[in-house]
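Some notes on the structure that comes next.
The values are calculated or read from the model by the stated rules, or taken from the named source; none is laboratory data. All values derive from a computational prediction rather than experimental measurement. Cβ atoms come from the backbone with ideal geometry, glycine included; neighbour counts cover every protein chain shown. The area values use the complete protein model at the heavy-atom level, side chains included, leaving out ligands, DNA and RNA. Shrake-Rupley method; radii C 1.70, N 1.55, O 1.52, S 1.80 Å.
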Amino acid sequence: EAKVSATLVDAENYELSGQIAPLTWVINKAKVDVSGLTWNYSQAFTYDGNEKEVKLNTNLTTIVITYQNNKATNAGTYTAQATIAPANTNYEVSGTVATCEWVINKAKVDVSELDWDYSEPFTYDGTEKEVKLVGTVANVEVSVSGNKATNAGSYTAVATLTTTSENYEIFGTVADLAWEIEKAELDVTGLEWKYEAAFTYDGTEKEVTLEGSVSGVEVSVSGNKATNAGTYTAVATLSYDEDNYTLKGQV
């Protein structure tokens, strides 16, 4: 707003008749309508370790924009706000700009390539057996349970997969593995009774014996001694670790 006034230049020779009233006149501020501004965000980002940013689609030099929550690196949901002010006192802002809800999705980690190194059952030999998960995947920690055993039996190995940070999510699965340690065989076909022909009574004790030995097998014999004439049945009882072994042959 400004005022205009007039002053007589040659006051000695002239005198004013009448007067000129001051004029008040105005230059209004230019209005900048920001209600039509949109955000440069159309779809979610995916986490890659780099900072992401959303902004208003504008090149206006008549406004100054201050952003809040428009930049982020980690996966998550954010709400960006824009505070708009005139670039100088010659402008005034009209209208409002909506907030922008934007997303950085977690990066997917494909674990479908991980597999167990197991193709056929083990055989018990007294040592620990182990199945392993083959392969590595970045940004995933793997813990395995039920994958080690010594005794014969059926087992289930389970892989637990966790991401190294909340910026990743696992894609795909690793199935539980059913694996087995089979019983080992104890070959007793070499055990034989030492008996070639019938004895003849002579008042002394007669005995039949079991010849041979098998590691891991304890043999106890009954009904193998007698003095009097008669027919007898000698029986061999074999004791072994039945949990881990099975017999091949019989006595």
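Dipole magnitude of the chain about its Cα centre, charges +1 at Lys/Arg Cβ and -1 at Asp/Glu Cβ only, in debye to the nearest 20? Write out the running numbers ahead of the final one.
Values: 16 positive and 36 negative charges, 258 e Å.
Result for the chain is approximately 1240 debye, rounded to the nearest 20.
Residues in segment 70-81 carry Karplus couplings, in order, of 9, 10, 6, 10, 7, 4, x, 10, 10, 10, 8, 10 Hz; the curve used is 6.51 cos²θ - 1.76 cosθ + 1.60 with θ = phi - 60°, and Gly or Pro positions show x. Phi-derived couplings, Karplus 6.51 cos²θ - 1.76 cosθ + 1.60 at θ = phi - 60°, listed residue by residue for segment 221-227: 10, 9, x, 10, 10, 6, 10 Hz, with x used for Gly and Pro. Between GLU166 and GLU242, residue separation times 0.36 nm minus the direct Cα-Cα distance comes to 22.4 nm.
Would you work out the charge dipole size for segment 150-216 about its Cα centre, treating the Cβ of every Lys and Arg as +1 and the Cβ of every Asp and Glu as -1, and quote it to the nearest 20 debye?
Working: 3 positive and 13 negative charges, 21 e Å.
For this selection, approximately 100 debye.
Compute the relative contact order of the chain as a whole-number percentage, counting only Cα pairs closer than 8 Å that sit 6 or more residues apart in sequence.
So the answer I get is 13 percent.
Using a probe of 1.4 angstrom and keeping all protein chains present, the accessible surface of the chain works out to 70 square angstrom per residue.
Give LYS108/LYS148; LYS148/LYS183; LYS71/LYS106 a once-over and call out the pairs whose C-alpha atoms are over 19 Å from each other. Mind showing how you got there, number by number?
On the way: LYS108/LYS148 30 Å; LYS148/LYS183 16 Å; LYS71/LYS106 16 Å.
Over 19 Å Cα-Cα: LYS108/LYS148.
Along the axis of the charge dipole computed for the chain (Cβ charges of +1 for Lys and Arg, -1 for Asp and Glu, origin at the Cα centre), the listed residues THR83, ASN244, THR209 are led at the positive end by THR83. Computed extension length for GLU218-GLU12: 59.2 nm, one decimal, from 0.36 nm per residue of separation with the Cα-Cα distance subtracted.
For the chain, the residue among TYR195, GLY146, VAL64 whose Cα projects farthest onto the positive side of the dipole built from Cβ charges is VAL64. Here Rg and Dmax of the Cα atoms in Å was calculated from the structure, and among (1) 48.7, 183; (2) 28.7, 114; (3) 18.4, 63 it sits at label (1).
Please state the relative contact order of segment 191-251 as a whole percent: Cα pairs under 8 Å, 6+ residues apart?
Value for segment 191-251: 31 percent.
Using the Karplus relation 6.51 cos²θ - 1.76 cosθ + 1.60 with θ = phi - 60°, the per-residue 3J(HN,Hα) values for segment 189-196 come to 5, x, 7, 9, 6, 8, 8, 9 Hz, with x marking Gly and Pro.
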